[in-house]
Amino acid sequence: MVGPFAAGKTALIRTVSDTPVVGTEVATSGQEAAVKATTTVGIEHGVYRLVDGELTVELLLFGTPGQCRFEAVRRVAALGVEGVLLVVDGTRPDTWAEARRLWCAVGLDGGHAAGPVPTVVAVNRWPEGGALPDGLSAALDMPPGTAWCAGDVVEPPEARRIVATLLDAVLDRLPEDAA
Amino acid sequence: MSAPEVTAAVDGIGDAEAMLRRLARRPEVRGVLLASADGRALASELADREPAAAAAVVASTLALGARLGELGGDGAVRELLVRSEAGYVVLHAISDDVVVAVVATAAVNLARLRLELRDETKALTATKALTATKALTATNTPTTQQTQHRRNPC
């Protein structure tokens, strides 16, 4: 899970996780304190469990810090990822270029020979079902076939739909016998 | 002192910088860094290392170390020790907001270094130093040196 500072990554993981989230939030300082009180500085962890009949699928979620200075942490978190959830704030166009840069560092350079890691763009604070925010698609410039999902990550049904979309994208990429 | 922009008006940073210089005086100490818990470099004596990136790793490690510490029960994390083939890195939490990192060679007397760290940080917090972390880091914009760093896209 990557995305700019204050996009909603921690909120999403806390909304959907079926296990207590292992968080690494600390108090913000400087200008960031004016945006919100805490920020993730390490790697946070949660589990999303989807039960379909007798089949249970567990998606292990790893949240990363959004600020540029934590590049080293994101590199660690990116190792071996199966899918990327790129969380963006649909109401803050000034953060979209940074979102693009963050995804490139993980989704493109995640060490997958088969091409970009399956990615779902979660457009937070944006009504689901309607048109995407003007200019977002151009700003992120995602590969064809990337799934988009708008919603409010603090609303459990909407957050679950976002994560389920990622699960679909990941399962689609797995070989038949593994899926 | 290759610190980020630190204003003289901030209480305690002068004391903290003096502490870093004292710690750095040991021949086995290769570098020291003062970082905020949310990963900003407040002051540093780190040769050949970019303070902003180092401060972020320090904050991340401290936060994950705190989760690790919870395995042993409740209570704030006070110290983390990393031993590599090159030597040691000691992270010592000064307060909930500030941590000092000391990089030392394998030849360092670790017990003495940790005692010194304990005494120094105790003296620092006793004078109410670093209570102005919030104000301090508000001025912590990337320096020219940081923005030009090869691997730092910030």
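The values are calculated or read from the model by the stated rules, or taken from the named source; none is laboratory data. All values derive from a computational prediction rather than experimental measurement. Glycine also receives a Cβ, built like all others from the backbone with ideal geometry; neighbour counts cover every protein chain displayed.
Structure values in brief
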| read-out | value |
| --- | --- |
| Those residues of the stretch A:3-52 which are in contact with a strand residue (DSSP E or B) (Cβ under 7 Å, 6 or more places away or on another chain), more than 14 Å from every other protein chain (Cβ to nearest Cβ) and assigned to a strand (DSSP E or B), in sequence order | A:V47, A:Y48, A:R49, A:L50 |
| Of all residues in the stretch B:81-113 being over 12 Å from the mean Cα position of the chain (by Cα) and in a strand (DSSP E or B), the one that is nearest to B:L20 (Cα to Cα) | B:A104 |
| Test result for A:E44, among the acidic types (D, E), out of contact with any Leu (no Cβ under 9 Å at 6 or more places or on another chain) and modelled with pLDDT of 90 or more | no |
| In the stretch B:30-54, the residues that are farther than 17 Å from B:A123 by Cα, hydrophobic (A, V, I, L, M, F, W, C), buried (at least 21 other Cβ atoms within 10 Å of the Cβ) and touching a helix residue (DSSP H, G or I) at 6+ places or on another chain (Cβ under 7 Å) | B:V32, B:L33, B:A35, B:A37, B:A41, B:L42, B:A43, B:A52, B:A53 |
| Residue match in the stretch B:69-76 (condition: of a type in the set (D, E), touching a residue at least 60 places away in the same chain (Cβ under 8 Å) and in a loop (DSSP other than H, G, I, E, B)) | no |
| Residue list for the stretch A:57-89, filter: assigned to a strand (DSSP E or B) and away from every other protein chain (no Cβ under 14 Å) | A:V57, A:E58, A:L59, A:L60, A:L61, A:V84, A:L85, A:L86, A:V87, A:V88, A:D89 |
